[in-house]
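Written out below as structure tokens is the structure these notes cover.
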Amino acid sequence: MGQLPEIMADSLEKPDMTDPSESATSDTEASGAAVPQQVEYRLHSPRLPLAVYREVAAHLRQIEGVNTGLLPQTAKEFDYLQSQVGGIWIRYDAEAAARCQPQTEVILTHYGDRYGHWETLSK
């Protein structure tokens, strides 16, 4: 796959490699099974409507191994021109990055081209 368009290159350049073993212990961790590292992105498109965020999340979940969800809006004051959602998080195993990342980029580029650029959010 070729290079990402400029709007996506900035958003997906540096994924966060989180180690789930540092979080609360789950049933899998308690059984001694190794927990794979996760790639996580947190993105925001300032004017993207709630319904489109939900569509993006549903579209991304069709990629095997990709989990996603919506982040709450954190603005103190309501603005009709601002999105009702704070952003979207996207997560998959680092081992699956070669398969998941290209498909994720295509989907995000599709929506970015139609609704405006994606911005990377910090945790």
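Bear in mind these aren't lab numbers, they're just calculated from the coordinates by the rules spelled out. All values derive from a computational prediction rather than experimental measurement. Here the Cβ is made from the backbone with ideal geometry for all residues, glycine too, and neighbour counts use every protein chain on show.
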Subject >> Net length gained if the chain between Ser122 and Glu77 were fully extended (0.36 nm per residue, minus Cα distance) >> reply: 14.1 nm
**OP:** Starting from the range 46-111, pick out the chymotrypsin sites (Phe, Trp or Tyr not before Pro) whose DSSP state is loop and whose Cβ has at most 10 other Cβ atoms within 10 Å.
**Re:** Phe78, Tyr80
Original post:
Want the number for Gln37 to Arg61: 0.36 nm per residue separation, take away the alpha-carbon distance, what's left?
Top reply: 6.8 nm
Original post:
Does anything in the range 84-123 have its amide N under 14 Å from the 7 Å Cα→Cβ label point of Leu70, and if so which residues?
Top reply: 84-89
Original post:
So which GluC sites (Glu not before Pro) in the range 75-123 end up in coil per DSSP with only 16 or fewer other C-beta atoms within 10 Å?
Top reply: Glu77
Original post:
Can you sort Ile107, Ile63 so the residue with the fewest Cβ neighbours within 10 Å comes first?
Top reply: Ile107, Ile63
